[in-house]
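Q: Pasting in a structure now, in structure tokens, and then I'll have a few things to ask.
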Amino acid sequence: MKMLEERIRKDGIIAPGNVLKVDCFLNHMCDVSLFHEMGMEFKRLFKDKPINKILTIEASGIGIACVIAECFEVPVLFAKKAKSINLAGDVYATKVESFTHKRTYDVIVSKKFIGPDDHVLIIDDFLANGCALEGLIDLVQAAGATVEGIGICIEKGFQEGGSKIRAKGIQLESLAIVESMNCETGEIAFREQ
């Protein structure tokens, strides 16, 4: 998606450790107009799928998922990284390692919000090593629901996550795939799609 690639080139900052900071428009301050365009593109890419629920993980995926869900006219469910007193009852749980935070989280969703009748589109802002997505896939499968596809805003094509997820046979669509980043020059190259 050229619009997203241009925005990454304009406002993205490459930080040490292969970190691409896009917090000024994607995952801290949110450009909702851009989110809407991304949602419409995901709607086009998954138009033949019977999606009735969007699933993401807290926290930075929530805003994006909400706008995308509006394009699909379906609800959003987000996996929580901690059980709280307001999440009563049975839950599906898995462990997820965060590339950015270098930490493992217990991730949960309430059993009352996902089940065998659900056809789920998983949405996330970034795909690096694929750990978060593998955890979300585990949660969907534990519920007996169907993963209809995965939509990623920015994939780091030089890391293994995309290959691991595609090897599972799940439709994975990334709107921008970063092929390489140079911390010293600030250059970002994208994979042709």
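FYI, it's all coordinate maths here, none of it is from the lab. As the structure is a prediction and not an experimental result, all values here were calculated from the model. Every residue, glycine as well, gets a Cβ built from its backbone with ideal geometry; the counts of neighbours run over all protein chains shown.
Q: Past 30 Å, Cα to Cα, is the threshold; run K95/K168; K21/K111; K43/K80; K102/K164; K10/K111 against it and keep the listed order.
A: From the list (K95/K168; K21/K111; K43/K80; K102/K164; K10/K111), the Cα-Cα distance tops 30 Å for K21/K111; K10/K111.
Q: Calculate, for A82 and I13, the FRET efficiency according to 1/(1 + (r/R0)^6) with r their C-beta to C-beta distance and R0 30 Å; round to the nearest 0.05.
A: 0.55
Q: Give the calculated FRET efficiency between Q141 and K47 to the nearest 0.05, with a Förster radius of 22 Å applied to their Cβ-Cβ distance.
A: 0.40
Q: Can you give the relative contact order of segment 32-178 as a percent, counting alpha carbon pairs under 8 Å and 6+ residues apart?
A: 22 percent
Q: Hey, another quick one. What angle do you read, to the nearest 10 degrees and between 0 and 90, between the alpha-carbon axis of helix 131-142 and the longest principal axis of the chain?
A: 20 degrees
Q: Report Rg(Cα)/(2.2 N^0.38 Å) for segment 1-160, keeping two decimals.
A: Normalised by 2.2 N^0.38 Å, the Cα Rg of segment 1-160 equals 1.02.
Q: Same structure, new question: Under a point spin-label approximation (7 Å from Cα along Cα-to-Cβ), what is the F158-A93 distance to one decimal in nm?
A: If labels sit at F158 and A93, their model points lie 3.8 nm apart.
Q: Go ahead and estimate [θ] at 222 nm for the chain from helices alone: -39,500 (n - 2.57) per DSSP H run with n ≥ 4, summed, over the residue count, rounded to 500.
A: -8500 deg cm²/dmol
Q: Using a simple spin-label model with points 7 Å from Cα along the Cα→Cβ vector, what separation in nm is obtained for E58 and R166?
A: 3.3 nm
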